[in-house]
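Below: the structure, in C-alpha cells.
Here, each number is a calculation from the coordinates, and none is a lab measurement. The structure displayed is predicted, hence computed values, not measured ones. Every residue, glycine among them, receives a Cβ derived from its backbone with ideal geometry; neighbour counts consider all protein chains shown.
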C-alpha cells in the first residue's frame, strides 16, 4: 500500500515539473517572438531608411549605389559587411566641399575610395585600401562633396582615374 502512494507522489512531482518547464518554455517563446516583432517594426525600418538605393554608371560599369545621406549612415558606412559585390558602391553625401578623411574602422573588406567633386567627377583615389590600415585616415588631394566606396580593385579593373565621372540621374543631398 505504501509503495503505491510513493509512486503516485513521484508521478505527480514529475508531472508538476514537466508542466512548469512547458510553462516557462512557452513564456520564453512568447518573449522571443515579441522581441522579433518589435525588431522588425522598429529597428529594421530605421536601418533601411538610412540608405537610399539607385543605379549609376562609373567607368562604363552599372553600379548599384546606396546613398549615405545622414550622419548615422555615413558613420556606419560599409563597416561590418563581410562581402561587397563587384558592382556595388556606397556614395557618401556631404553638405559642402571639404577634405573628408576616411578610415577602415570595423571594415572587413578591402576597398577603393573615390573622392568626387560637386559635379561627380573623381578628384582623388585611394586604391586597394587594406582592412589592416586602421587607424590610418585617408584624405583626398582636393576638396570633395561626395565619396564613393567600392570593392578593392575596382579602380584598376575599370581604369578609373582623376576626372572619371560618376553618372547618376541626379545627385542626392544631405538629409539630416
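How many percent of the alpha carbon pairs in segment 51-167 exceed a separation of 21 Å? Before the final figure, lay out the partial values.
On the way: 1842 of 6786 pairs.
Of the Cα pairs, 27 percent sit more than 21 Å apart.
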field: Ranked packing of 158-164, 67-73, most packed first, by mean Cβ within 10 Å
entry: 67-73, 158-164
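How would you rank 91, 168, going from fewest to most other Cβ atoms within 10 Å of each one's own Cβ?
So the ranking, lowest neighbour count to highest, is 168, 91.
Can you give the extra length, in nm with one decimal, that the chain gains between residue 98 and residue 162 once fully stretched, where that is 0.36 nm per residue apart less the Cα-Cα distance?
Numbers: separation 64, 0.36 × 64 = 23.04 nm, distance 1.69 nm.
Answer, rounded to one decimal: 21.4 nm.
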Gain in span if fully extended, residue 61 to residue 132, counting 0.36 nm per residue against the direct Cα distance: 22.8 nm
